[in-house]
Amino acid sequence: MGTICGKSEKQEKSNKSGDFSINKRDMIRIKITNIREDYSIGDKIGNEKFAVLHKCKNKQTGSRCIAKIFSVAGVEPKVLEAFIKEAELLREADHPNIIKVLDIYKDSVNAYIITEHCKGGELLERIKEEGNLSENKVASYMKQIISAVAYLHSKKIIHRDLRLENLMFLSKDKDSCLKITEFGSCKHFEKNLRVLEKVGNPYFMSPEVILGNFDSKCDVWSLGVMIYVLLSGSQPFDGSTEDQIMQSVLNSELLFEGKKWRKISEEAKSLIRSLLNRNPKDRPTARQILNSPWIKQRADGNAPDNEIISSTLSNLNQFDSQSKLQRATLAFIVSQVMSSDEVGNLRNVFKEIDTNGDGLLSKKEIRKALESSTGFSDQDIDTLIAKVDLDQNGKVNYSEFLTATIDWSKEMSRERLEIAFKALDADHSGKISKEELMIAFGGSHMSSKIFKEMIDEADLDGDGEIDLEEFCTYMENFKKRTN
């Protein structure tokens with residue numbers, strides 16, 4: 001699969017073989033088993049770049065999902081690579097505004113990506129249904145997408161095809177979060193590297209993409225186009241053909257004319273001008289956009305109150321599972337068993353603490369959120385982060401935050417444990433072996449000794465494997481400690 005959208009070989013090797021770390025992407029492996037053993041594939045619901053979308057259902061959990069199915073027969077290798085590239089990216093992405101991948105399969109005929117089902121529909125569809133839209137609402141929508149783009153850029157990933165059609169709501173709830181749903185054009189990049197390729201939708205394409213030589217700032221241009229369109233209902237650069245649109249992008253003046261712009265704030269117009277600067281070096285970064293006056297003033301009015309944050313951080317501080325197997329299993333349940341809409345208000349709390357919007361909670365952000373509480377020293381905060389920082393990068397990402405703050409005394413049901421057990425029991429033997437744990441949790445960068453220790457933690461009868469009752473008993477012990 002390569003390292004186009006994943007970690008580089010150098011990064012993988014940076015983990016010492018004796019260290020224990022859990023990364024979300026390690027739990028989602030490309031499977032070569034028959035997808036229909038695990039999923040029922042339903043009706044076709046649409047098309048995406050190179051892929052056909054089908055409804056599907058997880059046979060174990062009963063959850064409704066989406067299957068992106070791509071036929072590998074008779075296509076150029078680079079087309080197949082683009083599809084697999086999306087799968088590789090989604091393995092690594094861990095952000096509340098990026099669609100969650102559940103499984104990846106590949107056989108001689110098709111490749112498949114199973115993702116969560118964004119039941120809320122497209123952003124533009126909702127705007128049309130509601131019949132009204134305010135500037136503050138646009139800012140709140142865009143803050144979510146800009147945060148996701150800032151996260152991607154921090155992971156050295158350019159999206160390259162940001163557009164409004166690819167933004168969908170997770171649910172039909174009024175306050176549902178937005179998600180970027182398509183990643184078929186993503187590309188991994190290194191500092192100072194420029195890409196020689198033309199890709200994307202002409203309306204959202206930056207000048208340097210049209211000229212075929214660009215870097216991550218092309219995504220910033222696309223964000224500017226999105227804001228312009230949402231505030232005005234029209235394109236900043238238009239034309240009747242693709243060539244005319246691209247010529248307009250390269251040469252036409254950016255204008256804010258007509259009644260539609262009279263009530264729009266100067267802060268919005270100023271931000272759009274900076275994002276649609278034809279010199280990419282003069283555009284802000286995605287992270288800098290999050291600190292712009294327009295985002296700060298207009299998108300931050302719907303944050304959860306301090307009481308919710310204090311109680312959540314209290315749960316986070318109590319999270320103290322030293323067991324490798326327990327920690328890995330909880331992370332697995334969050335990543336692979338629980339759906340995004342089951343995490344409730346924790347998603348909003350994460351965003352409130354994540355003040356710079358990069359999709360990671362730093363020591364500084366956690367300290368600020370704890371200001372209202374007494375008795376927390378720098379050492380206490382360091383200890384807190386160490387407890388939940390499963391991938392050992394010095395910060396708390398979204399899945400780690402959920403793993404630490406979910407009320408496991410309520411959410412760790414026997415049913416969920418059985419689902420997790422069956423998913424880990426890859427050969428369906430009724431027992432989990434050391435080799436199966438290595439596959440599930442990315443054993444390539446950890447010593448096999450660690451996985452032997454994980455087996456030994458729960459292996460009551462000493463046969464070298466974990467059966468269902470041993471697994472449930474072991475996890476129930478953690479549940480009792482959280483009551």
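Values in this text are rule-based calculations from the coordinates and carry no lab data. Not measured: the values here are computed from a predicted model. Note: ideal-geometry Cβ built from the backbone for every residue, glycine included; neighbour counts use all protein chains shown.
If you plug each phi of the range 388-395 into the Karplus form 6.51 cos²θ - 1.76 cosθ + 1.60 with θ = phi - 60°, what whole-Hz ³J(HN,Hα) values come out, in order, with x for Gly and Pro?
Per residue, the Karplus-derived 3J(HN,Hα) values read 10, 7, 5, 8, 6, 9, x, 9 Hz.
Ordered by residue, what ³J(HN,Hα) values in Hz, to whole numbers, does the range 331-341 give under the Karplus form 6.51 cos²θ - 1.76 cosθ + 1.60, where θ = phi - 60° and Gly and Pro are x?
Once θ is set to phi - 60°, the couplings for the range 331-341 become 4, 5, 5, 4, 6, 10, 10, 7, 8, 4, 7 Hz.
Ordered by packing density, taken as the mean number of other Cβ atoms within 10 Å over each peptide's residues, highest first, how do 456-465, 110-119 rank? Write out the running numbers ahead of the final one.
On the way: 456-465: 13.8, 110-119: 21.1.
Top of the packing list down: 110-119, 456-465.
At a 10 angstrom cut-off on C-beta neighbours, averaged per residue, how do the peptides 208-216, 58-66 rank from highest to lowest?
208-216, 58-66
What FRET efficiency comes out for the pair LEU254/GLU129, r = Cβ-Cβ distance, R0 = 35 Å, nearest 0.05?
Computed FRET efficiency for LEU254 and GLU129 comes out at 0.70.
If you plug each phi of the range 412-429 into the Karplus form 6.51 cos²θ - 1.76 cosθ + 1.60 with θ = phi - 60°, what whole-Hz ³J(HN,Hα) values come out, in order, with x for Gly and Pro?
Once θ is set to phi - 60°, the couplings for the range 412-429 become 8, 7, 4, 4, 5, 5, 5, 5, 4, 4, 5, 5, 6, 7, 4, 8, 6, 7 Hz.
What is the diffusion coefficient of the range 121-298 in µm²/s, taking the Kirkwood radius over Cα pairs and the Stokes-Einstein relation at 37 °C with a viscosity of 0.692 mPa s? Before the final figure, lay out the partial values.
Working: Rh = 16.5 Å.
Calculated translational D: 199 µm²/s.
Place the peptides 92-105, 382-395, 351-364 in order of packing, highest mean first, counting for every residue the other Cβ atoms within 10 Å and averaging per peptide.
92-105, 351-364, 382-395
Considering amide H positions built from the backbone, and no H for Pro or chain starts, which residues 5 or more places from ILE99, or on another chain, come under 5 Å of its amide H?
Under 5 Å from the amide H of ILE99: ILE180.
Longer than 18 Å from Cα to Cα, which of LYS119/LYS179; LYS156/LYS187; LYS85/LYS106; LYS155/LYS395; LYS179/LYS422; LYS260/LYS296 are they? Say none if no pair is. Walk me through the numbers on the way to the answer.
Working: LYS119/LYS179 11 Å; LYS156/LYS187 8 Å; LYS85/LYS106 13 Å; LYS155/LYS395 14 Å; LYS179/LYS422 29 Å; LYS260/LYS296 23 Å.
Violating the 18 Å limit, Cα to Cα: LYS179/LYS422; LYS260/LYS296.
For GLN379 and ILE30, compute 0.36 nm times the residue count separating them, minus their Cα-Cα distance, and round to one decimal in nm. Intermediate values should be presented prior to the final figure.
Values: separation 349, 0.36 × 349 = 125.64 nm, distance 3.99 nm.
The span from GLN379 to ILE30 would gain 121.6 nm if fully extended.
Stretch LYS452-LEU53 to full length: gain in nm at 0.36 nm per residue minus the Cα-Cα span?
139.6 nm
Given contacts defined as C-alpha pairs under 8 Å and at least six residues apart, what's the relative contact order of the range 121-298, whole-number percent? Walk me through the numbers before you get to the answer.
Details: 251 pairs, mean separation 42.4, N = 178.
Contact order relative to length: 24 percent.
If the cut-off is 16 Å between C-alpha atoms, which aspartates and glutamates fall inside it for LYS57, apart from same-chain ones fewer than 8 positions away?
GLU37, ASP38, ASP43, ASP103, GLU116
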